[in-house]
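The values are calculated or read from the model by the stated rules, or taken from the named source; none is laboratory data. Source: prediction; values computed, not measured. Neighbour counts are summed over all protein chains in view; Cβ atoms, including those assigned to glycine, are modelled from backbone coordinates with ideal geometry.
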Amino acid sequence: MPRPAKRSPHGERELAVQRILAVVDSIPRGRVATYGDVAREAGLPRRARLVGRVLAELPSGSRLPWHRVVNAAGRLSPRANGTAEQRRRLAREGVALTPSGRLDLARLRWSGD
DNA sequence: TATATGACGACGA
DNA sequence: ATCGTCGCCATAT
């Protein structure tokens, strides 16, 4: 077994990653959360960028609903691979973007409940 | 140690 | 509503 106890700085990050993944996994179908929301829910306030970094490193075959995480502006954050896949996944669960590519956060935002 | 770069966010113009 | 700036955090060089 890898890590018995002992909290090395590196181990702390691993914990943070696990909590982030758990929060993302809990976002209900048809709802969305911002990077900042996820960070806060994971007990990591002001670490929105860490959330983005973690999601960016997810294996392509991941089963996690990463597509339900959007930025605070209500837009899909640009990335190397593009946002087409994210749009498809959202559309499939009834989440549509306005003509200008925005989401109605007031209606779709999920704050842990 | 210093600088640059991001799936970010809050603000002010 | 949009854009630029700045703050913030983690890595990479």
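Details
- Identity of the residue in region A:63-85, buried (at least 16 other Cβ atoms within 10 Å of the Cβ) and free of Cβ contacts under 8 Å to residues at least 24 places away in the same chain, that ends up nearest to the chain's Cα centre (by Cα): A:His67
- Residues of region A:16-28 satisfying the condition of being in a loop (DSSP other than H, G, I, E, B) and aliphatic (A, V, I, L, M): A:Ile27
- Summed over region A:37-48, residues that are within 18 Å of A:Leu64 (Cα to Cα) and assigned to a helix (DSSP H, G or I) total 5.
- Given (1) away from DNA strand C (no atom under 11 Å from the Cβ); (2) in a helix (DSSP H, G or I); (3) not acidic (Asp, Glu), number of the condition A:Arg13 does not satisfy: (1)
- Residues of region A:37-53 satisfying the condition of being among the aliphatic types (A, V, I, L, M) and within 9 Å of DNA strand B (Cβ to nearest atom): A:Val38, A:Ala39, A:Ala48, A:Leu50, A:Val51
- Selection status of A:Ala56, farther than 21 Å from A:Arg107 by Cβ, within 9 Å of DNA strand B (Cβ to nearest atom) and surrounded by fewer than 16 Cβ atoms within 10 Å (Cβ to Cβ): yes
- Test result for A:Arg88, assigned to a loop (DSSP other than H, G, I, E, B), surrounded by fewer than 21 Cβ atoms within 10 Å (Cβ to Cβ), at pLDDT 95 or above and among the charged types (D, E, K, R): no
- Taking every residue in region A:40-59 that is in contact (Cβ under 8 Å) with a residue 12 or more places away in the chain and more than 14 Å from A:Ile27 (Cβ to Cβ) and pairing it with any residue that is in a loop (DSSP other than H, G, I, E, B) and near DNA strand C (Cβ under 8 Å from one of its atoms), at least 6 positions away or on another chain, the pairs with Cβ-Cβ distances below 9 Å are A:Leu50/A:Leu44.
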